[in-house]
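One structure below.
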Amino acid sequence: MGWRSALIRGLLTDEEWSFFEPFVVSASPLGGRPARDHRRVLDAIFWIARTGAPWRDLPAEFGNWNSVFRQFRRWTASGLWDVMLE
């Protein structure tokens with residue numbers, strides 16, 4: 001799990017990831033480069049939501065803030081968050 005060991009609190013547990021995984025893996029775009037690690041993107045989005053920090057302050061362990069933000073926007077535009085909340 002490499003990068004996950006550097007962060008201590010608030011990451012998705014394996015049980016939580018097993019809930020979200022089918023939603024985000026099936027939401028991969030038709031074309032374009034697929035995300036390397038959907039779990040890390042979700043961890044990053046949830047970190048932003050928990051802390052209220054600006055996207056640019058996303059810790060580097062989560063990846064490039066702009067890439068995470070763009071994935072968040074794609075999932076928002078596709079209605080993925082609404083589907084998961086149902």
Worksheet entry | Pair list, Cβ under 9 Å, 6 or more apart: segment 64-78 residue of a type in the set (D, E, K, R), other residue surrounded by 15 or more Cβ atoms within 10 Å (Cβ to Cβ) | Arg74/Ala27; Arg74/Leu80
Worksheet item: Here are Ala44, Ala53: which of them is over 11 Å from the mean Cα position of the chain (by Cα) and of a type in the set (A, V, I, L, M)?
Response: Ala53
Discussion item. Checking the conditions here, which among Asp82, Asp57, Asp14 is modelled with pLDDT of 95 or more, exposed (fewer than 15 other Cβ atoms within 10 Å of the Cβ) and out of contact with any helix residue (DSSP H, G or I) (no Cβ under 6 Å at 6 or more places or on another chain)?
Written reply: Asp57
Discussion item. Among the residues in segment 24-35, are any at pLDDT 85 or above and surrounded by fewer than 15 Cβ atoms within 10 Å (Cβ to Cβ)?
Written reply: no
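The values are calculated or read from the model by the stated rules, or taken from the named source; none is laboratory data. No experiment lies behind these values; they were computed from the predicted model shown. Heads up, the Cβs are rebuilt from the backbone with ideal geometry, glycines too, and the neighbour counts pull from every protein chain shown.
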